[in-house]
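Structure record follows, encoded as structure tokens.
The values are calculated or read from the model by the stated rules, or taken from the named source; none is laboratory data. Being a predicted model, the structure only gives us computed values, none of them experimental. Note that we place each Cβ from the backbone using ideal geometry, even for glycine, and neighbour counts take in every protein chain shown. Surface areas here come from the heavy atoms of the whole protein model, side chains and all, with no ligands, DNA or RNA. Shrake-Rupley method; radii C 1.70, N 1.55, O 1.52, S 1.80 Å.
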Amino acid sequence: DDKALVSFAEAVRLEPDFARGHASIAAILNTRNNLSPGIPTRLADQRAAMASVKRALELDPDDGRNHLDMAWSAMLQRDYDTAERHFGLAQAHSPYDANVAISAGQGFAYLGQHELGISLARKAFWLNPAYPPYYTAYLATIYFVAGRYEECLATARKVADLFPEIAAWQAAAAALLGRLGEARRFVLDFRRVARRRWAGVGDCDDRALLDWLSQVVMLREEDDASRLQRGLSLAGVGAAPGSPVSVRERQPRSEEHTS
């Protein structure tokens, strides 16, 4: 990621009007905390990502990928209405881009539009039969949010160690199905994978992991968030009070995120 970030920064230095370069910087910055849990630059990364993606949209408002990156920047700020609008624009401008479809599918699922999320995910698999593994990981999370826990587990098994949070979804899904022994094994996997990738300044204990999940799992609907919380609690993740996911937590809006 660091090498890619340096490369794109050099690209936009040489060609300031390279829209995809600006958007790619935003995409990298927005995902660093997902891939390196607890990274201390999280908030600075979010601010820099928003500035980069705004510039990308100024330069090219017709590229759905730019709208997709704006949608995720807005999601990270819990500006769900702006995110929803840009997920829709991403699909409208790039209806045959499989990467846009799978990412927007996860976004819409997080926003509570579960069936639309599943539909877009299936569209992505159809558009790109040689799909990369992250498509499968995204589909697993979509299935969980849609309440389809068996399908979540069956899908997530294929990519169990791909992202640090996958085992957390598995633990919650198994617990909600009443399979507590299996759920607790997934908790061990969650701790193992997250600790291996931990970039935080403090210890990677359960409280830190729940705080991190609150940053990277952006569920708009109270019911969706409470189901994940309940599943993780049943599975035995931490004893700290409060929800492990952020629900309707909004930062004050700055200027409108428009193209």
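Some observations on this one:
- Filter result (among the polar types (S, T, N, Q) and part of a helix (DSSP H, G or I)) within the range 1-58: S7, S24, N30, T31, N33, N34, Q46, S52
- No other residue among E256, E221 is modelled with pLDDT of 95 or more and open to solvent by 20 Å² or more (accessible area, probe 1.4 Å) apart from E221.
- Picking from residues in the range 224-250 that are assigned to a loop (DSSP other than H, G, I, E, B) and at pLDDT 90 or above, the one that is farthest from L111 (Cα to Cα) is G236.
- All told, S214 falls short of being modelled with pLDDT of 80 or more, surrounded by fewer than 16 Cβ atoms within 10 Å (Cβ to Cβ) and not in a loop (DSSP other than H, G, I, E, B).
- Meeting the requirement of 3 or more residues that are closer than 18 Å to A235 by Cα, open to solvent by 30 Å² or more (accessible area, probe 1.4 Å) and touching a residue at least 24 places away in the same chain (Cβ under 8 Å), the helices (runs of 4 or more DSSP H) wholly within the range 81-200 are 180-197.
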